[in-house]
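This report concerns only the one structure given below.
The values are calculated or read from the model by the stated rules, or taken from the named source; none is laboratory data. Treat the numbers as computed from the prediction; the structure is a model and nothing was measured. FYI the Cβ positions are ideal-geometry reconstructions off the backbone, even for glycines, and counts take in every protein chain you see. All accessible areas refer to the heavy atoms of the entire protein, side chains included, with ligands and DNA or RNA removed. Shrake-Rupley method; radii C 1.70, N 1.55, O 1.52, S 1.80 Å.
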Amino acid sequence: MKKKPLFFILFSAVLFLLVYLVQTGIDRSYNKNVSNKFTRLFNHKIDANVMIFGSSVAYVHFDPSIIKNVTGLSAYNMGWDGTFFVQYNCLIKEYLSYEKQCKYLIIAADIDNLGKNELITRPDLYYSHLSNSYVYNSLHEIEPDKIWKAKYIPGYKLTLLNKAFYNDLFIGSRIHKTDTSNGYEPQNLKWDKTGTAKPFNARYEERIYTQLQETINTAVKKGIKVIIVFPPMYEEGYRLVLNMDWLKEKYKVLTNKNVYMIDYTTDTMCKNRSYFYNYGHLNTGGASIFSTKIGNDINNIIATGHN
Amino acid sequence: METQEILTQMNSILSKVLRKKDIEVSVTTTASDVDGWDSLSHMIIIDSIEKHFGVKFKLNDIMRFNNMGDIVSNIQGKLSN
Amino acid sequence: MLFNSFQFLLFFPIVTIIYFLLPYKLRWVHLLVASCIFYMAFVPIYILILLATIIIDYIAGIMIENAEGRRRRAFLILSLVANIGVLVIFKYYNFFAININTLADASKAGFSIPLLKILLPIGLSFHTFQAMSYTLEVYRDNQKAERHFGIYALYVMFYPQLVAGPIERPQNLLDQFHAKHDFSYDNCRDGIRLMIWGFFKKIVIADRLAIIVNNVYNDPRHFNGVALTIATLFFAFQVYCDFSGYTDIARGAAKTMGYDLMLNFNRPFASKSVTEIWRRWHISLSTWFFDYLFNPLVASLRKWGRWAIVFGLLFTFFLSGLWHGANWKYIIWGSVYGVALVYEFLTKNFRKKIFSVLPPTVNKTISIFLTFSFFVLASVFFRGKSVKDALYIFAHLFKGWKSVCSVSGIKSVITAIGGNDTVYGSFNVVIGFLLIAFLEIIQFRTKDTSPENIVRNSSSIVKWSYYYFLIIAIFVIGAYDNQEFIYFQF
């Protein structure tokens with residue numbers, strides 16, 4: 001009978017090992033076979049002069065091919081829908097750990113950039129990178145309990161792998177057309193004003209603002225020029241954000257000879273509804289015009305040292 | 001009435017109700033021993049027994065019948081009064 | 001607390017290990033505390049409901065035993081009223097109110113009853129029935145009243161079966177709480193084996209099938225007959241795996257500590273008649289209704305002869321439907337079974353004669369097929385979001401089958417029911433069929449024992465590989481978007 005409790009221990013030990021192997025196997029397979037901009041970033045395969053980070057206001061606004069035409073600099077769009085600075089900070093930090101660096105780092109600041117979602121957006125894009133401490137720290141800020149368990153308890157992550165993850169794993173890079181457009185995803189949509197039309201305050205957390213400062217400092221130390229961009233907003237929507245001026249002041253504090261701020265919310269294109277498909281997002285036509293503008297502003301910075 | 005006599009009469013009651021021949025019960029027979037005596041035919045059998053012997057079982061007694069012997073002793077108790 | 005949660009994965013080993021470390025005298029305290037924690041993980045304040053009914057039933061049990069004649073009946077009625085009362089208020093009040101209001105509206109009576117905004121306490125339908133079986137058995141002199149308050153409380157609250165059964169009888173359970181359980185490797189191994197199989201059925205099979213079922217049943221008008229049929233078929237297996245899986249986890253958890261809970265499912269899809277279904281499906285509930293409702297009812301109406309049974313069946317299944325949920329669709333579902341059972345009862349000899357012309361294997365196969373088809377069709381009412389939806393689904397089950405006579409037709413159905421996502425959608429449908437096949441093969445091969453024992457007599461390598469396969473499958477193929485147990489809301 002003394003052998004029997006040992007039996008349970010042995011069984012459990014082999015089980016833990018098996019589960020750990022399956023988990024690791026799935027992660028390796030994902031990193032090898034899935035070719036989306038996230039895995040390419042983490043495999044250090046992205047090489048551009050202008051790196052663009054942000055939420056959907058980065059993803060659908062900045063056209064790298066137009067920027068290249070205007071500035072002669074290669075560009076890559078790492079923006080992704082629904083992610084705020086606290087989440088995509090890990091992407092920037094990972095990029096900054098490369099040996100070869102870009103010349104310009106653009107951070108597209110949308111309204112809630114310095115706030116926090118309750119849930120991680122598209123966690124499946126990050127699950128196979130949880131061993132990366134930047135990724136772990138960023139995601140842990142948003143859903144600490146779940147991410148802690150996903151990293152440290154073997155098998156827990158397996159229960160989180162969902163439809164989106166397996167879709168990517170099995171179809172691989174087929175569905176990510178964005179590699180041909182360097183991360184940019186134009187939105188050929190018609191105007192659709194969704195959501196309530198009530199005034200509101202943009203979200204803000206001091207702790208996240210501090211993280212932004214740190215990341216900007218790291219970039220500057222590596223000789224990169226940082227450009228904080230406020231993308232265009234349709235003026236009717238812009239007026240609903242009560243603390244916009246205050247927010248802009250906070251960002252302005254961060255500017256110096258290496259950190260620029262370009263505010264397109266006061267640009268004339270904000271009055272023209274035909275460029276937008278909702279309050280905060282430009283359609284394809286609007287994005288092309290905007291990309292040209294940002295290209296020109298980058299040229300200004302190169303030429304004169306300020307915007 | 002003697003136990004064996006009651007049992008003999010039980011045999012003919014069950015044969016009639018269940019439409020089977022050659023049913024033979026003893027005091028230890030339970031419903032599961034008799035083909036066709038299931039939960040649904042149970043009350044019909046009880047009713048037929050009551051009509052045949054001219055007795056009326058109490059609800060509590062019916063719930064407590066575990067085997068043929070219980071029914072037989074209950075009947076004997078009623079008939080001797 | 002849900003069984004398929006991380007909390008339970010911690011709760012179970014801790015509770016079980018402490019159980020065996022404590023001296024016998026303290027174990028009931030430990031189990032009671034653990035059961036309270038388990039229950040209060042849901043809505044803590046509801047523990048007061050449990051406490052109230054436990055106190056009432058504890059007192060009623062002792063009083064019934066000590067009293068004579070009418071007084072015994074009075075205390076029994078007190079217990080029944082308390083339990084049913086709690087059930088009516090928390091589960092059925094709104095249903096009655098809504099229906100009365102609808103009638104009042106239609107007849108322009110000018111009043112309306114307010115609705116209560118309360119959440120249904122988990123396991124209410126289960127523990128109230130289990131408590132009532134206690135007082136009923138004491139009343140029938142089949143059970144001695146429990147004098148130890150803590151043990152009685154444990155009878156009601158024992159965590160493995162607190163939330164979704166099996167609905168136990170005092171004769172089976174109370175004595176076990178008085179007995180001394182030593183650690184037994186065999187019990188532990190059997191219990192854990194049962195739990196693994198239960199988790200597999202629930203998390204891998206039931207929850208994965210649920211994805212397809214939910215897609216279709218949430219918007220039935222969007223789908224053709226083929227899709228509706230597949231989804232309904234999947235639902236039959238989903239509800240079986242969900243509920244029997246839960247029961248297996250419950251019985252397994254109890255077994256590791258040496259407790260035996262009654263069998264609740266016994267290969268129901270092998271039933272050869274609708275009557276037989278209820279001897280194999282949710283056995284603890286059907287025997288409860290049989291012993292405490294049907295039997296006494298038919299006994300008191302026995303002078304009606306066969307019609308007593310007809311009435312008994314219809315009434316019992318009407319209530320059984322109502323037990324499953326405060327909604328007309330459940331009542332219809334139950335009544336459909338009542339009608340089917342009446343039909344089988346009245347035509348028993350006739351059908352026997354007709355089917356006896358066939359060779360026994362054909363007879364058996366046809367019977368099983370017809371019975372299973374009935375089960376699947378009846379479950380349209382169980383799963384449909386409303387009576388209206390259910391009727392729509394019925395009317396359209398056999399439409400659109402011509403379109404699947406081509407490969408592209410089949411592909412489009414699979415994509416549609418999988419949620420219009422080619423990879424994941426087809427994956428789920430194909431995996432669904434494979435899992436059902438896997439389940440049925442195992443059930444078939446373990447006809448004479450039980451499914452969790454399939455590799456019991458195999459070599460160690462086969463055994464370990466099989467269990468590792470099940471466990472890894474639970475992690476990888478399991479569906480985890482917080483699918484709740486279907487019977488959870490009861």
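Details
- Principal-axis tilt of helix A:206-221 within chain A, Cα atoms, nearest 10 degrees: 80 degrees
- The stretch C:6-180, accessible area per residue, ligands and nucleic acids excluded (1.4 Å, Å²): 47 Å²
- Our summary gives the stretch A:166-307 a relative contact order of 29 percent, counting only alpha carbon pairs under 8 angstrom and 6 or more residues apart.
- Ratio of the Cα radius of gyration of the protein assembly as shown to 2.2 N^0.38 Å, where N counts its residues: 1.19
- Legend: calculated FRET efficiency, C:Val33 to A:Phe7, from the Cβ-Cβ distance at R0 = 30 Å, rounded to 0.05, equals 0.50.
- Assigned charges on the beta-carbon of Lys, Arg, Asp, Glu; the stretch C:187-489 dipole about Cα centre (debye): 980 debye
- When chains A and C come together, the accessible area they lose, probed at 1.4 Å and totalled over both chains, is close to 2100 Å².
- Just checking the listed ones, A:Glu206, A:Glu94, A:Glu143: in the Gaussian network model of chain A with Cα springs under 10 Å, the one fluctuating most is A:Glu206.
- Calculated FRET value between A:Arg239 and A:Thr24, using beta carbons and R₀ = 56 Å, to 0.05: 0.60
- Angle in degrees between helix A:3-33 and the longest Cα principal axis of chain A, rounded to the nearest 10: 30 degrees
- Among the lysines of the stretch C:6-180, pairs that are 8 or more positions apart or on different chains and have alpha carbons within less than 24 Å of each other number 4.
- Degrees separating the helix A:284-304 axis from the principal Cα axis of chain A, which is the longest one: 80 degrees
- In the stretch A:5-19, the residues whose accessible area drops by at least 20 square angstrom when the other protein chains are added to the isolated chain are A:Phe7, A:Phe8, A:Phe11, A:Val14, A:Leu15, A:Leu18, A:Val19; the probe is 1.4 Å and only protein heavy atoms count.
- Diffusion coefficient, µm² s⁻¹, Stokes-Einstein with Kirkwood Rh over alpha-carbon pairs of chain C at 20 °C and 1.002 mPa s: 88 µm²/s
- Accessible carbon and sulfur surface of the stretch C:187-489 relative to its total accessible area, %, 1.4 Å: 66 percent
- Share antiparallel - DSSP beta bridges, chain A, percent rounded to 5: 15 percent
- Within the stretch A:282-307: backbone nitrogen closer than 17 Å to the A:Lys257 label point (7 Å, Cα to C-beta): A:301-307
- The protein assembly as shown: antiparallel DSSP beta bridges as a percent of all, rounded to 5: 15 percent
- Checked against a 19 Å cut-off, the cross-linked pairs A:Lys32/A:Lys93; A:Lys198/A:Lys293; A:Lys100/A:Lys221; A:Lys116/A:Lys250 give Cα-Cα distances beyond that limit for A:Lys32/A:Lys93; A:Lys198/A:Lys293.
- The modelled label-to-label distance for the pair A:Arg203/A:Ile171, using points 7 Å beyond Cα in the direction of Cβ, is 2.8 nm.
- Surface per residue (accessible, 1.4 Å probe) for the stretch C:187-489, Å²: 41 Å²
- Using a Förster distance of 41 Å, the FRET efficiency for C:Ala106-C:Val81 (Cβ separation, nearest 0.05): 0.85
- Cross-link pairs beyond the 18 Å C-alpha cut-off, checked among C:Lys272/C:Lys352; A:Lys193/A:Lys271; A:Lys149/C:Lys463: A:Lys149/C:Lys463
- In this simple spin-label model, placing a label point 7 Å from the Cα along the Cα-to-Cβ direction at both C:Lys348 and A:Lys32 gives a separation of 6.5 nm.
- The alpha-carbon of B:Lys56 sits under 12 angstrom from the alpha-carbons of these aspartates and glutamates, leaving out residues fewer than 8 places away in its chain: B:Asp47.
- Accessible surface buried once C binds B (1.4 Å probe; total of both sides; Å²): 1600 Å²
- Taking the chain by itself as reference, the stretch C:295-324 contains these residues with an accessible-area loss of 50 Å² or more in the full protein complex (1.4 Å probe, heavy atoms): C:Arg302.
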